[in-house]
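The values are calculated or read from the model by the stated rules, or taken from the named source; none is laboratory data. Being a predicted model, the structure only gives us computed values, none of them experimental. Because the Cβ atoms are built from the backbone with ideal geometry, glycine has one as well, and the counts that use them run over all protein chains shown.
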Amino acid sequence: MNAIKIKSLSVHYGEKQALKDITMDMPAKSITALIGPSGCGKSTLLRMINRMNDHVSDLNYEGQIFISGYSVYEKHVQPEMLRKKVGMVFQQPNPFPKSIYDNIAYGPRLHGKTKKAELDDIVEKSLKDAALWDEVKDLLKKSALNLSGGQQQRLCIARALAIHPDILLMDESTAALDPLSTMKIEELVTQLKSDYTIVMVTHNLHQAARVSDQSAFFLNGQLVEYSITEDIFTKPRDLKTEHYISGRFG
């Protein structure tokens, strides 16, 4: 079963074409890695999925993106409701200047949950799901800004999970972290795929090989190759993929 279906998607920023006729399906409850050199269109695709590009003034697009069978760019689809289904974690950890508790409770409160007992349960479950509960359970009223970088990023993952999305988008979410924190988040992501569909942009080819189920190689806005990750890394069909995987460019 596919959680995300992209059909004939092309994206322009003014005169510059960022994506060229992309068609691909992303399976539910699995990890899809988007790989390729800087400026190849990976992050643009990620941001199109949950309409993070809506306010880019010179952006134009053609094609469709379907989630759970409906087109996310239909006029009746509200971006706020879409983002309840599609969470996002960015490259730099971006906790709110609030307590750990209030960071996690922020989204549920926006969606009408106000009972303390319910919020307590959501905060605990989200932090447990993000493998952070044991480290912060006695610090919930302390500022999230006091956490380490790796802890802050796991807090941001917990914050995204608190609104119960179906899909989690991760844009270079370990690029700013040390190797130990990166390993913890990779282990976390691998566990989360049993409940969530995960799409991750990464420049780290070893990371894509370690954690993803399928990988999509982009170059100059085009989808060059999309297959099971093991096949992409051991027997790529396209010579450009082989050159990128072997480090000849990128």
Among (1) among the aliphatic types (A, V, I, L, M); (2) more than 27 Å from Phe66 (Cα to Cα); (3) buried (at least 22 other Cβ atoms within 10 Å of the Cβ), Leu145 falls short only on (3)
Top-ranked residue of segment 14-35 - restricted to ones that are over 16 Å from the mean Cα position of the chain (by Cα) and at positive phi, ranked as modelled with the lowest pLDDT:
Gly14
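So that you can scan it fast, the table gives a plain yes or no per residue for (1) part of a helix (DSSP H, G or I); (2) under 30 Å from Leu19 (Cβ atoms):
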site	(1), (2)
Val123	yes, no
Leu140	no, no
Gln152	yes, no
Cys156	yes, yes
Leu180	yes, no
Pull up segment 154-176, narrow it to residues that are at pLDDT below 95 and in contact with a Pro (Cβ under 8 Å, 6 or more places away or on another chain), then point me to the one that is surrounded by the fewest Cβ atoms within 10 Å (Cβ to Cβ).
Ala176
Could you list all residues from segment 158-178 that are acidic (Asp, Glu) and either over 17 Å from Asn50 (Cα atoms) or assigned to a loop (DSSP other than H, G, I, E, B) (or both)?
Asp166, Glu172, Asp178
Looking at segment 54-72, which of its residues are touching a residue at least 24 places away in the same chain (Cβ under 8 Å) and part of a loop (DSSP other than H, G, I, E, B)?
Asp54, Val56, Asp58, Ser68
Do you know which residues across segment 87-114 are under 18 Å from the mean Cα position of the chain (by Cα) and either of a type in the set (Lys, Arg) or part of a loop (DSSP other than H, G, I, E, B) (or both)?
Phe90, Gln91, Gln92, Pro93, Asn94, Pro95
Take the conditions out of contact with any Lys or Arg (no Cβ under 8 Å at 6 or more places or on another chain) and more than 25 Å from Glu186 (Cα to Cα) and apply them to Met48. Does it pass?
no
Every residue from segment 38-52 that is buried (at least 18 other Cβ atoms within 10 Å of the Cβ) and either β-branched (Val, Ile, Thr) or in a loop (DSSP other than H, G, I, E, B) (or both)
Cys40, Gly41, Thr44, Ile49, Asn50, Arg51, Met52
Which numbered condition Phe218 misses (of (1) within 18 Å of Gln91 (Cβ to Cβ); (2) of a type outside the set (D, E, K, R); (3) loosely packed, with under 14 Cβ neighbours inside 10 Å; (4) in contact (Cβ under 8 Å) with a residue 12 or more places away in the chain):
(3)
Those residues of segment 53-88 which are surrounded by 12 or more Cβ atoms within 10 Å (Cβ to Cβ) and of a type in the set (Gly, Ala, Ser) amount to Gly63, Ser68, Ser71, Gly87
Scanning segment 194-209 for residues that are within 16 Å of Gly87 (Cα to Cα), part of a loop (DSSP other than H, G, I, E, B) and within 12 Å of the chain's Cα centre (by Cα) gives Tyr196
